[in-house]
Amino acid sequence: MSKIAIQFFTEDLVYTLKHKTKIRTWLLQTMTAEGYELEELNFILCSDEYLLGINQQYLKHDTYTDVITFDNSEEDKTIVGDIFISLERIQENAKNFKSTTYDELCRVMVHGTLHLLGYKDKSKAEKALMTQKEDDYLSRR
């Protein structure tokens, strides 16, 4: 039996992700469209406090965030990574943006994936491109 290359985990909370197969297929198509090969990708859904701890420990940022992406790949155009997502931030953002938790979770999943595909979001231009890519790939799910 082959190993599933995209895995979903939870840390310090209970949450059942729906449509896992659909999400896996969609994200794999996103990576392929960008010319990348998937080796391993883990999504870890967690609380605000858990993600804050990661942000403080690894990035030296003392702020809450919705997503942190770790690129563990050693080869160009190969995806090996861990994407930590605060479910509490996702739920709050969904309310603020008048979206559903599922849709906001998909947006943040593709956002983290786009980071692994080389996209940045530090400058205004980078953020604009990232948002355009998110919207494009979200329309394909």
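All of the numbers you see were taken from the coordinates with simple rules; none came from a lab. Model, not experiment: these values are computed from the prediction. Every residue, glycine among them, receives a Cβ derived from its backbone with ideal geometry; neighbour counts consider all protein chains shown.
When the alpha carbon coordinates of the stretch 1-135 are projected onto the principal axes, the ranges are 39, 33, 32 Å, largest first. Hand me the chymotrypsin sites (Phe, Trp or Tyr not before Pro) from the stretch 45-141 located in a DSSP loop with no more than 14 other Cβ atoms within 10 Å, in residue order please. Within the stretch 45-141, the qualifying chymotrypsin sites (Phe, Trp or Tyr not before Pro) (loop, at most 14 other Cβ atoms within 10 Å) are Y64, F97. Scanning the chain for GluC sites (Glu not before Pro) in DSSP loops with at most 14 other Cβ atoms within 10 Å, what's the longest stretch left with none? Maximal segment without exposed cleavage sites: 76-141.
For the chain, modelled as a GNM whose springs connect Cα atoms under 10 angstrom apart, the maximal fluctuation among K22, K95, K124 occurs at K124.
The T131 and V14 beta-carbon pair, evaluated with R₀ = 25 Å, returns a calculated FRET efficiency of approximately 0.20.
Counting neighbouring beta carbons within 10 Å and listing from fewest to most, the residues V67, V108 come out as V67, V108.
Ellipticity at 222 nm from helices only: DSSP H runs of n ≥ 4 in the chain, each -39500 (n - 2.57), divided by the residue count, give -15000 deg cm²/dmol.
Result for the chain in a Gaussian network model with C-alpha springs under 10 Å: among L41, L105, L17, the largest mean-square fluctuation is at L17.
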